[in-house]
Amino acid sequence: MEERRSDNLKNKSLDIDKIAQICSDCGNCLYSCPVYNSELIEPNSPRGKINLIKAILDNRLKPNKINKGFMFQCLLCGSCEHICTNGVEYLDMMINYRNLIFKEKNIPFKKKTILYFYQTLILKKLGWFLKILSKTSLKKKLTIPEIDNINLNKLYTSDYSKDFDILLFPGCVLTYFYSSQIEKIKRFLENKGFKVALPKGLKCCGFPYISQGWGKRFERLKTKNINIFSDIKFKYLVVPCGTGVITFNKYYDLKEVEIYEFTEFIYKFIRNSKVNINILKEVDKKITYHDPCHNLKSLGIYKEPREFMKQFGVKFVDDKSELCCGFGGIFSVGFQNTSKKILDKREKYLKENGADIVVTSCPGCYMQLKENLSCDVKFFVELFD
Ligand code: SF4
Ligand code: SF4
């Protein structure tokens, strides 16, 4: 079987100090970092954060509000790790460090509130309120999505007694904000002949919690997800979100399951799928693909989406910039100005490239681009509509 970079992520042992000590201070990562590029402050750079962690672990520096603050001025995009020739596993280091110092009781109230509301109340109680906000000037400031939801009840699997090919893990952004995309993905896979299970109760992989240092809540969610997985017989776990794939590979013990990001799955099993070239309605329109950071930099997914994009022929403008969109989940709420600066840079490049339609396969990038850019933004599965 073809070896995938994501397989190497499974169950790595993680040690903050060991990882930090590998850093040689060379600074090669600085200009790959979207946050450093926007703010140009050393503690905002990957190297700066590593040095802060080293100093705190060596007792040369006491953890305080300021250095704790720097630890969150990071999108966890993995650009630094991707470029580092010394092999510093920055994401592991940072996530573990956050979990070490921000035990549940120390998580700032504002952050906890955002996470709590995001995961529990938005869908049930605040959907109508977000719809109103999305019509105001706050829409761009806070990246408030125009919710594109359908009733998922009709899609949920009720009979678990069958053997399924795929367990489709929808992820939180699509579930809460764009569930029409889940329907498209499920239908697409079923039309290709796969038996797809979409169990009720699976929403979030837990990355928003573990990445912010809220390990206890992550563990509760993980247990819930694993219990649902264990009720169903399936071969492939398909996740239309690279962040989810990383989370399942690193933080879940799913040794027997083959985990695929959606573009990776269709590249491997149904590569002959035809895109609908008519989505480029006008002759002179151009289409491009935005690489989500986790897909490209952590999972090594590059050729897979392009295999399909190239069916657009000369109308496909390949974007090799590797630029981040500035979303980073809760980062875009906590550091709106920096997020906006990163997005502006991304938008400028897309405009220079002349793309009229931007396609992406990460729900977070989709939200950031769709809700903020003036061009047409599509989720990857929509290519096959
Ligand atoms: S993280 Fe890697 S690239 Fe960045 S300063 Fe350290 S060794 Fe150099
Ligand atoms: S993960 Fe991304 S944002 Fe964070 S330090 Fe590395 S390059 Fe910068």
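For K320, a cut-off of 15 angstrom between C-alpha atoms picks up these aspartates and glutamates, skipping any fewer than 8 places away in its own chain: D291, E304, E307, E347, E352. In summary, the convex hull built on the alpha carbon positions of the stretch 5-101 has an orientation-averaged projected area of 6.1 nm².
Between K348 and I41, the FRET efficiency estimated from the beta carbon spacing at R0 = 22 angstrom works out to 0.50.
Averaged over residues, the count of other Cβ atoms within 10 Å places the peptides 336-349, 285-298, 268-281 in the sequence 285-298, 336-349, 268-281, highest first. Computed on the Cα trace of the chain, the radius of gyration divided by the Kirkwood hydrodynamic radius gives Rg/Rh = 0.95. For K200, the lysines whose Cα falls under 20 Å of its own Cα, not counting residues fewer than eight places away in the same chain, are K124, K125, K154, K162, K184, K186, K222, K224, K233, K235.
The alpha carbon convex hull volume per residue for the stretch 203-270 rounds to 85 Å³. Each Lys and Arg contributes +1 and each Asp and Glu -1, all at the Cβ; summed about the Cα centre of the stretch 277-384, the dipole is approximately 160 debye. Select from G313, F218, M367 the residue farthest towards the positive end of the dipole of the chain; place +1 on Cβ of Lys and Arg, -1 on Cβ of Asp and Glu, and compute about the Cα centre. Of G313, F218, M367, it is F218. Is the stretch 277-384 best put as rounded, prolate or oblate by its Cα gyration tensor, with a ≥ b ≥ c the root eigenvalues, rounded for a/c under 1.5, and otherwise prolate when a/b is larger than b/c, oblate when not? Prolate.
Where the alpha-carbon atoms of the stretch 152-269 are placed on the principal axes, they occupy 40, 29, 29 Å, in descending order.
For K351, a cut-off of 14 angstrom between C-alpha atoms picks up these aspartates and glutamates, skipping any fewer than 8 places away in its own chain: D318, D319, D376. Across the stretch 222-308, Cα-Cα pairs farther apart than 22 Å form 39% of the total.
Where a number appears in this text, it was derived from the coordinates with a stated rule and is not lab data. Just so it is clear, the structure is predicted and the values come from calculations on it, not from any experiment. Heads up, the Cβs are rebuilt from the backbone with ideal geometry, glycines too, and the neighbour counts pull from every protein chain shown.
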